[in-house]
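Each reported figure results from applying straightforward, stated rules to the coordinates on display, with no laboratory input. Note that the structure is a prediction, hence the values are computed from the model and not measured. In this analysis, Cβ positions are derived from the backbone assuming ideal geometry, glycine residues included, and neighbour counts consider all displayed protein chains.
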Amino acid sequence: MAHDDLPALSKILQDAETMAAYEHPFSDEETQAWLDKQFTRYQTDGFGLWAVILKETGEMIGQCGLTVQDADGKQVIEIGYLFQRAFWHKGYAIEAAVGCKKYAFETLKLNEVYSIIRDTNFASMNVAIRNGMTVRGRSTKHYRGVDMPHYIFSAQKGDK
Ligand SMILES: CC(C)(COP(=O)(O)OP(=O)(O)OC[C@H]1O[C@@H](n2cnc3c(N)ncnc32)[C@H](O)[C@@H]1OP(=O)(O)O)[C@@H](O)C(=O)NCCC(=O)NCCS
């Protein structure tokens, strides 16, 4: 993502339905902070959430990428995805998630990659399952005063 992706990012992060797993749509300040966090990740980790661009139009329709996360006390690399609602149910999220898994195994040479998903987020779990992931554990995140049970999905290199 770049600075001029802010309007497209706002369409994702400021939509209440898209942000159900986060309990609230983001404010302008939170959206800018999210974008800035990706720039920091690109510099410190060499990866972060990337823009998903529709080739036909050049439009940014979503974000997908790799981020360092805590999974029940362990630092892991997660495949994350958030798409504009107008572009759900078309297979774009799974296409992007599969690409990130390939990048994690082949370019970063990781042996395992994760997706940590709130237990209410069935669409996200379906993407993880279609991305060849299996539930390995569970954890509870505390966010905005709410206890949020999560499932820890992962795929391991060499999985069928
Ligand atoms: C999670 C999220 C990205 C999943 O989006 P999605 O549209 O369900 O996923 P896909 O783009 O892979 O589309 C899959 C659907 O498209 C259908 N589809 C249509 N054409 C397809 C194709 N060529 N290839 C694959 N699937 C296709 C699939 O059958 C599937 O249908 P379903 O929605 O009835 O199950 C989306 O719900 C989202 O942005 N949610 C909000 C943010 C969020 O919670 N992110 C996860 C945090 S852990």
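Figures for the structure shown
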item: Qualifying residue in the range 94-108 (condition: in contact (Cβ under 8 Å) with a residue 24 or more places away in the chain and part of a strand (DSSP E or B)); result: no
item: When residues of the range 22-42 are limited to those that are surrounded by fewer than 16 Cβ atoms within 10 Å (Cβ to Cβ), within 17 Å of R144 (Cα to Cα) and of a type outside the set (S, T, Y), the one farthest from the ligand (Cβ to nearest atom); result: E29
item: Residue identified as within 16 Å of the chain's Cα centre (by Cα), closer than 25 Å to Q156 by Cα and free of Cβ contacts under 8 Å to residues at least 40 places away in the same chain among T67, T44; result: T67
